[in-house]
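Working notes for the structure below.
Nothing in this text is a laboratory measurement; each read-out follows from the coordinates by a stated rule. Everything quoted here is computed from the prediction, not taken from an experiment. Please note: Cβ atoms are built from the backbone with ideal geometry, for glycine as well, and neighbour counts cover all protein chains shown.
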Amino acid sequence: MAYTLRQAVQGDAPLLSELIKSSMITYSNDSGIDPSILDSMHERVEDLVQKLKTHTCLCFFDGNNMPVGTITLKITDDVKGFDFSKKTHEYLKDMDKVLYISRFAVLDSLRGTGLGKDLLDTAFAFGVERGAKAALLHTATSNKIRVEFYKNRGFFLLDSETKRGYDRGLFAYDL
């Protein structure tokens, strides 16, 4: 089946919210963490509509205009927001822009088909076009499936912290 890649619009928010929450249930199960501690599980459709105004949300849609994969991107020049240790500070100190990836989800039935890889490749191109020097994202270090997926695509564990109640890794990719 062919999928169409496009930027999400406000009208897509209800279905995107369902996709993200469904994916986060799988994420929490694979991570061994309680889904109630994940910010995305408390995000309302209205919150997602607001995020679409400040972030770029790229999605794959099927022939029925149903979202099957999504990735949210933000170019930031405020790298200090990620600067929670000396190790992270050293990595980011000469970067004026980074790409932050969030709400990355693929429909469970389509995992392993290459959609996630295609979304990441598109995200990397987005970052490079806008002058970002690195891509950053967070994921639970206990989620072996996601950690392996990111490492196989060139990410490395830059740092980790436990402020949210689980070991949350900050993964980086040099653009």
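Worth pointing out:
- When only alpha carbons are used to place a centre, region 141-175 and region 53-83 end up 18 Å from one another.
- Take the convex hull of the alpha carbons in region 1-74; its mean projected area over all directions comes to 5.2 nm².
- Taking amide hydrogens as placed 1.01 Å from N in the peptide plane, the amide H of Ser160 sits under 5 Å from those of Leu170, each at least 5 positions away in sequence or on another chain.
- Taking Cα centre as origin and charging only the Cβ of basic (Lys, Arg, +1) and acidic (Asp, Glu, -1) residues, the dipole magnitude of region 4-174 rounds to 180 debye.
- Furthest towards positive pole of dipole, Phe60, Phe82, Leu110, structure part region 46-110, Cβ charges: Phe82
- Straight-distance crosslink candidates among aspartates and glutamates, where the alpha carbon sits under 13 Å from Lys86 and sequence neighbours closer than 8 are dropped: Asp159, Glu161
- Gyration tensor verdict on region 1-41 (Cα atoms; rounded if a/c is under 1.5, prolate if a/b is larger than b/c, oblate otherwise): oblate
- Of the peptides 127-138, 37-48, the order by per-residue mean of other Cβ atoms within 10 Å, starting with the highest, comes out as 127-138, 37-48.
- Tensor-based shape of region 94-175 (alpha-carbon gyration tensor, a/c under 1.5 rounded, otherwise prolate or oblate): oblate
- When shorter helices are ignored and each DSSP H run of at least 4 residues is given -39500 (n - 2.57), the per-residue value for the chain at 222 nm works out to -10500 deg cm²/dmol.
- Expressed to the nearest 5 percent, the antiparallel share of DSSP beta bridges inside the chain is 90 percent.
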